[in-house]
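Step one of this worksheet: look at the structure below.
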Amino acid sequence: MQYPDDAVRSRTLYERAKKSLPGGNTRTTVYHAPFPVYAARGEGCRVFDADGVARIDCINNFTSMIHGHAHPAITEAVVRQAALGTAFGMPTESEIVLAETLCARVASVEQVRFTNSGTEAVMMAIKAARAFTGRPKIAKCEGAYHGSYDYAEISLDTPPEYWSANDPRPVAYSKGTPEGVLNDVVAIPFNDVAASRELIRRNGASLAAILVDPMPNRAGLVPADREYLRALRALADEVGAVLIFDEVITFRLGYHGAQEKFGVTPDLTVFGKIIGGGFAVGAVGGSRKVMGVFDPTKGKPALPHGGTFSANPMTMRAGEVALALLDEAAFAHLDRIGNAVRAGIARAFEKTGLTGRATGMGSLLRVHFADRQIRDYRSAYARPDEARKLAAFHRGLINHGVIAANNGLMALSTPMTEADADEIIAACESALQDVAAMKI
Ligand code: PMP
């Protein structure tokens, strides 16, 4: 069974999709040429496609399905909740339970506000910082993805012709981005203390927030240097800005999130993905002082915020069970298989004679076909031959039984065993052999 030639049902679905969805697509991230493989169902760490082919799922809905698919305890909780009603124009106890769970796990989080996506949560965190400080601008790292709020997506894919020495220019990601948005974003180079310090100080008086992901996937999936995060913490205090950690992905690095692993405390944290147990979710959490901007008890809040499906009990119950299953032992298991897969990929690169590496930490990894050290967006940026190798590797993985993101990102799940990790490594080795044979 070879993709794309034998993936008849996926091809047919894609042809049909093209009529009602632009380019047959409703999520840019899941598109790849000539057509994506359509999922039919998932079970544990495996996903079955529309043609009946089973593969190990190493993308897990872009890192969110940390317990794989159809986990029995999560399924039971949502089926029970569905019978009781799925959404109300009233609060439910379930939102208190999930908020308490996040507050108990993350020391910097005293209070929480739920949203329906990570994008929305990043937007509300930025708006909270603006409401709290009365200032307009944000600083964010070049190449870091934070969802699709206009301000958060600036300088996401700055092309090489815009790379000036240490002064990343804010560059629009989508066509039509208003000039005013560009004026209110300061793009800082990830992991570069001196350049970031200079830019933050220069804009200090108008900065509401410094937004940083401690291990940004699109900027290479390399952990931030501790010193970098410490410097951002000190700079936020110095200029009076709110330090926001985007832990939408990195909350899967440990029981207390990435902030505890890196030993740096933000003012606000953005969550998403795993905290919804497989359902649409986002959340902003932080100190009582900053989170007070949402408080409606004294008249119109500084930052009003609704959301028809925010904190709906389906998501809340699924999230509650998913987090309960994520104990220290689960994280230890994820770390073990993550380390094994990264080491296995390094061996596979050696065996095939190709240049490359796997970056990442814990259950997250990303394959690069680069011989440079990867520290930030620019060093991670795939040169044309590397991009061709990556596309061939991605296709090879599909044909050797693994689903990964087309940028080489993989996210492991708790149902994976050591044997599954070996299978992933073997698939990576076979896919690398395919790439080597193509002599790109
Ligand atoms: N922040 C980060 C770090 C993300 O990876 C993502 C999504 N991949 C988002 C924010 C946006 O989350 P969502 O897709 O739920 O809107």
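Quick notes on this structure:
- Cβ-defined net charge surrounding Pro304, 11 Å radius [Lys, Arg +1; Asp, Glu -1]: +1
- In terms of its alpha-carbon gyration tensor, the chain comes out oblate; a/c meets the 1.5 threshold, while b/c is at least as large as a/b.
- Protection proxy ranking of 247-256, 306-315 - average other beta-carbon atoms within 10 Å, highest first: 247-256, 306-315
- Mean separation of Cα pairs under 8 Å and 6 or more residues apart, divided by the residue count, gives the chain a relative contact order of 20 percent.
- For the range 113-258, the share of accessible area belonging to carbon and sulfur comes to 49 percent (1.4 Å probe, ligands and nucleic acids excluded).
- Packing-based order for 119-126, 28-35, 143-150, using average beta carbon neighbours within 10 Å, highest first: 119-126, 143-150, 28-35
- Taking a ≥ b ≥ c as the square roots of the eigenvalues of the Cα gyration tensor, the range 126-246 is rounded, since a/c falls below 1.5.
- Simple point charges give the picture: +1 on the Cβ of Lys and Arg, -1 on the Cβ of Asp and Glu, and for the range 72-325 a dipole about the Cα centre of about 400 debye.
- Span-like helix ranges in the chain, DSSP H, alpha carbon extent 15 angstrom or more, Kyte mean at least 0.5: 72-84, 118-133, 313-325
- Of Asn60, Asn217, Asn399, the one that fluctuates the most in a GNM where the chain has Cα springs shorter than 10 Å: Asn399
- For Arg46, residues with placed amide H under 5 Å, excluding near neighbours: Asp57, His69
- Rounded accessible area of Arg11 (nearest 10 Å², 1.4 Å probe): 100 Å²
- Label sites at Ala437 and Glu43, each approximated as a point 7 angstrom past Cα along Cα to Cβ, lie 3.1 nm apart.
- Legend: residues Leu84, Leu325, sorted from most to least accessible area (1.4 Å probe; ligands, DNA and RNA excluded), read Leu84, Leu325.
- For Thr177, net neighbour charge (Lys/Arg +1, Asp/Glu -1) across residues whose Cβ lies under 10 Å away: -2
- Using the average count of surrounding beta-carbon atoms within 10 Å as a protection proxy, the listed peptides 346-356, 39-49 rank, highest first, as 39-49, 346-356.
- Prolate is the label for the range 72-325, because a/c, from the alpha-carbon gyration tensor with a ≥ b ≥ c as root eigenvalues, is 1.5 or above and a/b exceeds b/c.
- Among beta bridges that DSSP assigns inside the chain, antiparallel share in %, nearest 5: 60 percent
- Label sites at Arg80 and Ala330, each approximated as a point 7 angstrom past Cα along Cα to Cβ, lie 1.6 nm apart.
- Each Lys or Arg adds one and each Asp or Glu takes one away; over the other residues whose Cβ falls under 15 Å from the Cβ of Arg317, this sums to -4.
The values are calculated or read from the model by the stated rules, or taken from the named source; none is laboratory data. If you're wondering where the values come from, they're calculated on a predicted model, not measured in any experiment. Cβ: placed from backbone, ideal geometry, glycine included. Neighbour counts: every protein chain shown. Accessible surface areas use protein heavy atoms only, side chains included; no ligands, DNA or RNA. Shrake-Rupley method; radii C 1.70, N 1.55, O 1.52, S 1.80 Å.
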